[in-house]
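Novice: There's a structure below that I have some questions on.
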Amino acid sequence: MSGDGTTADDDPLQTAVWRLRSRACWADAAALLEPAGPDAALQRASLLVERCLYTEAGWEEAEDALRTAEALAHSDDERGAAACERGYLAYAATLFRVRDRADEARVALGRAAAVSAPGAVGRALLDFRRGLIAENLTRSPQAARAAYRRAHAGATAHADPLLLSATWRHLAGLALRDGELTEARRGFAESLRIREELGYLVGTAPALVSLADTETEPEASRLREEARRLFRLLGGVPTWLAHHLTPPPPGPATA
């Protein structure tokens, strides 16, 4: 969920990886990275884990890449980052009912927290993923909100715009659940703005749909139609967005 490849001074390799990633070409992006060292191995694993979240496929390849990253990790930061990816993959497998790995997800993120300093760069991403588990597996919105707020502060402090777009979106989702429409609309709009500025196409359709849920007609329909266009452009990714984009059945004919 980091914003690698989005700044003007990034090297050509990272720019190419980012462009492929943002267009749902995770396998192509991963193929550019030789997992000879811990950093490249971890980035490759994170790309393939992210693919699982958006496509509900590629689980074995992600597992293989993650095992390589874990084997190459030597410092606490590297081990913590690999454990964070391990927890995220286990979370995804549980969320999509591939296999119940909720306990593994919690243990892995706990292990990451144990070796990660409170102000470390990767701590914000860890907090965000702990929020996902609290919201979607534990069903504890209060714990999720606290974790998302910590992640939001960390993403702001470390200038991670892509993570910031995610914290805006998930905090807005909790606000919408609580009936706080104005706060939800603001958060979804900020998330969409950041993703459009970054050119993160694969995350833009979900942001459009979320914002549409807070708008009135005709704006809501316009946002959903734009989301459908992007969804088709990217070949039906993210897969879980499909049921949000199914057009309503036609009404009865009128004179």
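The values are calculated or read from the model by the stated rules, or taken from the named source; none is laboratory data. Just so we're clear, the structure is a prediction, and the values are computed from it rather than from any experiment. A quick note on method: Cβ atoms are made from the backbone with ideal geometry, for glycine too, and the neighbour counts reach across all protein chains shown. Keep in mind that these areas ignore ligands, DNA and RNA; they rest on the heavy atoms of the full protein, side chains included. Shrake-Rupley method; radii C 1.70, N 1.55, O 1.52, S 1.80 Å.
Novice: In the full protein assembly as shown, how much of R224 is accessible to a 1.4 Å probe, in Å² to the nearest 10?
Specialist: Probe radius 1.4 Å; accessible area of R224 about 60 Å².
Novice: For the stretch 186-198, what does the Karplus curve 6.51 cos²θ - 1.76 cosθ + 1.60, with θ = phi - 60°, yield as ³J(HN,Hα) per residue in whole Hz, taken in order and with x for Gly and Pro?
Specialist: Per-residue couplings from phi come out as 4, x, 5, 5, 5, 4, 5, 4, 5, 5, 5, 5, 6 Hz.
Novice: How far, in degrees from 0 to 90, does helix 123-136 lean away from the longest principal axis of the Cα atoms of the chain, to the nearest 10?
Specialist: 50
Novice: Using 7 Å Cα-to-Cβ label points, what is the N136/T216 separation (nm, one decimal)?
Specialist: 3.3
Novice: Based on the Cβ-Cβ distance from R177 to V121, what FRET efficiency comes out when R0 is 30 Å, to the nearest 0.05? Don't jump to the answer; show the numbers that get you there.
Specialist: Working: r = 30 Å, r/R0 = 1.00.
Efficiency at R0 = 30 Å is approximately 0.50.
Novice: Going highest first, how would you order 198-208, 235-245, 18-28 by mean Cβ packing within 10 Å?
Specialist: Values: 198-208: 21.7, 235-245: 14.8, 18-28: 19.5.
Top to bottom by mean Cβ count within 10 Å: 198-208, 18-28, 235-245.
Novice: Measure off 7 Å from each Cα along the Cα-to-Cβ vector at L13 and L32, then give the distance between these two points in nanometres to one decimal.
Specialist: A separation of 1.1 nm, rounded to one decimal place.
Novice: While we're here: What percentage of the solvent-accessible surface of the stretch 37-137, computed with a 1.4 Å probe over protein heavy atoms, is contributed by carbon and sulfur atoms?
Specialist: On the way: 2180 of 4220 Å².
Here carbon and sulfur together make up 52 percent of the probe-accessible area.
Novice: Could you work out how far helix 76-95 tilts from the main Cα principal axis of the chain, as a 0 to 90 degree angle to the nearest 10?
Specialist: Helix 76-95 sits roughly 40 degrees off the main axis of the chain.
Novice: When a/c reaches 1.5 or more, the comparison of a/b and b/c decides; with that in mind, is the chain rounded, prolate or oblate per its Cα gyration tensor? Display every interim value, and only then the final one.
Specialist: Values: a/c = 1.71, a/b = 1.47, b/c = 1.16.
Cα axes put the chain in the prolate bin.
Novice: Taking 1 over the mean of 1/r across every pair of different Cα atoms in the stretch 115-218, what Kirkwood radius in Å do you get? Write out the running numbers ahead of the final one.
Specialist: Values: mean 1/r = 0.0725 Å⁻¹.
Final number for the Kirkwood radius of the stretch 115-218 is 13.8 Å.
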